[in-house]
Amino acid sequence: MSESAQTKSETASARVLLVDDHDLFRTGLRNLLEERGVQIAGEAGQGDDAVRLVREVAPDVVVMDLHMPGMSGIEAIRQIASIAPLTRVLVLTISDQDEDVLHAILAGACGYLLKDSSVDELIRGISAAAIGESLVSPAIAGKVLQQVRATAGSPEAEETIRAELSERELDVLKLIASGKDNAMIAGELHISPKTVKNHISNILMKLQIENRIQAAVYAVRSGIV
């Protein structure tokens, strides 16, 4: 199966909950995604409604704005991560503010896209979220890691990383933190993309974190990169 066919298959099988307080935007987004074969499990206009619907319809992916009346998107992400750890949250917002990005990722979002992204980028983001990977544009990821670098390091995190991970897993983690995708990591370490995926799964499990962007934040905070 080609990569584009696989992405289409993964996206079509994912059940998606749309969360945005602008009805017109949400309706347009629903129409665009349904035209591409995406199953829409429901819609919500506020964070608390999103949390309730996650309990009721158990979507695979939540596409969520950050700034809404009532419960914020950040708090909704935090609650969704707590009550439904297998449901992945992809942020779709107009805000590229460093603080919003960092808080969303640390709250548990597995992807962060801006509303000027193309439909194809959004489809890729949903597909990545559906299989537990993350899609954060390089510019956004760079901002997150730059902000983390500006904060105090965490010696405890470095101890945990060095105690838990093998040398090869440590190599993979450093490359994740430098912004490399799976194919680039595979090429640099002369291993297969499947082996890279396995290493990343082990890293997330051992460090008890949700996704690769959180792994990158953890690595930068520890000072190993």
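Since every read-out is calculated from the coordinates, none of them should be taken as a lab result. Worth saying up front: this structure is predicted, and the values here are computed from it rather than measured. Please note: Cβ atoms are built from the backbone with ideal geometry, for glycine as well, and neighbour counts cover all protein chains shown.
For segment 89-98, putting each phi into the Karplus relation 6.51 cos²θ - 1.76 cosθ + 1.60 with θ = phi - 60° gives couplings of 10, 10, 7, 10, 8, 8, 8, 10, 5, 3 Hz, in residue order, rounded to whole numbers and with x for Gly and Pro. If R0 is taken as 30 Å, the Cβ-Cβ distance between Glu75 and Asp120 corresponds to a FRET efficiency of 0.50.
Taking a straight Cα-Cα cut-off under 13 Å and skipping sequence neighbours fewer than 8 places away in the same chain, the aspartates and glutamates within cross-link reach of Lys180 are Asp171, Glu188. Give me the angle, in degrees from 0 to 90, between the Cα long axis of helix 47-57 and the longest principal axis of the Cα atoms of the chain, rounded to the nearest 10. Its long axis makes an angle of about 90 degrees. The orientation-averaged projection of the convex hull spanning the C-alpha atoms of the chain amounts to 11.8 square nanometres.
Taking Cα atoms only, the orientation of helix 73-83 departs from the longest principal axis of the chain by about 70 degrees. Once the Cα atoms of helix 3-13 and of the chain are each reduced to a long axis, what angle between those two axes, in degrees from 0 to 90 to the nearest 10, is obtained? Relative to the chain, helix 3-13 is tipped by roughly 50 degrees. In this label model, Leu86 and Asp48 are separated by 2.9 nm, measuring between points 7 Å along each Cα→Cβ vector.
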